[in-house]
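Peer 1: Quick one: structure below, then a few questions.
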Amino acid sequence: MSTSVCEQYVDGLNASLHDTMRFVRAVLVQETKFLDYLLQFD
């Protein structure tokens, strides 16, 4: 019983970590595009 609860917790943790990394990557991509856009006017 306790092991399955532990597994569910770990699975949830992995899923949220994956979502967080995907979000961070998306933000970094947006920032990079924005910087490229600004550098065009240099």
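Computed from the coordinates by the stated procedures, all read-outs in this text should not be read as laboratory data. What you are looking at is a predicted structure, and each value in this text was computed from that prediction instead of being measured. Cβ atoms come from the backbone with ideal geometry, glycine included; neighbour counts cover every protein chain shown.
Peer 1: Given Cβ point charges of +1 (Lys, Arg) and -1 (Asp, Glu) and nothing else, what value in debye, to the nearest 20, does the dipole of the chain about its Cα centre take?
Peer 2: Roughly 40 debye for the chain.
Peer 1: Which chymotrypsin sites (Phe, Trp or Tyr not before Pro) from the chain combine a DSSP loop assignment with at most 15 other Cβ atoms within 10 Å?
Peer 2: In loop regions of the chain (DSSP not H, G, I, E or B), the sparsely surrounded chymotrypsin sites (Phe, Trp or Tyr not before Pro) are F41.
Peer 1: Add -39500 (n - 2.57) for each DSSP H run of 4 or more in the chain, then divide by its residues: what number comes out at 222 nm, to the nearest 500 deg cm²/dmol?
Peer 2: -33500 deg cm²/dmol
Peer 1: What number do you get for the chain when its Cα radius of gyration is normalised by 2.2 N^0.38 Å, N = residues?
Peer 2: Against the compact-globule rule of thumb, the ratio is 2.00.
Peer 1: Next question, about the same structure. Can you list the HN-Hα couplings for the range 11-16, worked out from phi with the Karplus curve (6.51, -1.76, 1.60; θ = phi - 60°), rounded to whole Hz and with x for Gly and Pro?
Peer 2: Couplings: 4, x, 5, 4, 5, 5 Hz.
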